[in-house]
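Data block below; observations after.
Coordinate-derived values only; no laboratory data. What you see is a predicted model, and the numbers here were worked out from it, not measured in a lab. Cβ coordinates were reconstructed from backbone atoms using ideal geometry, including for glycine residues, and neighbour counts include every protein chain displayed.
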Amino acid sequence: MTPQLSPATLRITAAQFSTIVGHCYDGLPDEACGLLLGPHGGDGTPTGVITRAWPCRNEAASAMTYTVDGRDYLKASRAADETGDEIVGVWHSHTHTVAYPSPTDVRQAVDPNWWYPIVSLRDEEPVLRAYRIVDGQITEGQVALDRG
C-alpha cells in the first residue's frame, strides 16, 4: 500500500539547521549526508518534527552521490530507539546543483514515509529544501525553522 502524501511540513530547529548545513560544508568537496530522527504519529508516519539531526559519513566519498555509512546508520537507529523515535529521513548536499532530487536521489529513496532534505551549496548562501519521494513521484514539503 502506497502512503498518501498530503502537504506537510518538516520542522527543524535553528541548531539542527546549523548542524545539517555545517556538516554539508565540512563534507566538501564531496556530498555530505546524515539522518533525521523524530516521532511517528498515530498512523505510523512521521509527524514532521525532527528531534535530532545525525551527521553521517558519506561512504561513497563522492561529489556526485552519497551512501550513509552503515555504522553511522546503526548508531542513529540505536539512539532513536533509546528516545522512542524513529529514523524519519536522510539529508544530503548538492555541491554544485540546486536543491532538487536528481534521478539518482529518486532511485535511492528507500522509504516512502521518509523526508529527503537536500542542501544546495551552489550559491553563496546554502538552500535547504525538503521532499517526500513515493514511487518515483517527488512532492516538496515546507520547511519550518523552529526556535527550539
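A few points about this structure:
- Couplings for the stretch 52-64, taken from phi via the Karplus curve 6.51 cos²θ - 1.76 cosθ + 1.60 with θ = phi - 60°, read 7, 9, 10, x, 10, 7, 7, 4, 6, 6, 9, 7, 10 Hz in order; Gly and Pro are left as x.
- Summing Lys and Arg as +1 and Asp and Glu as -1 over all other residues whose Cβ lies under 13 Å from the Cβ of A130 gives a net charge of +1.
- Surrounding net charge for T97, when Lys and Arg each add one and Asp and Glu each subtract one, Cβ distance under 11 Å: -2
- Here's the picture: charge each Lys and Arg Cβ at +1 and each Asp and Glu Cβ at -1 in the chain, and of G41, V21, A63 the one pushed furthest to the positive end of that dipole is G41.
- Each Lys and Arg contributes +1 and each Asp and Glu -1, all at the Cβ; summed about the Cα centre of the stretch 9-146, the dipole is approximately 60 debye.
- Once exposed loop GluC sites (Glu not before Pro) are cut out (DSSP; at most 16 other Cβ, 10 Å), longest piece of the chain: 60-123
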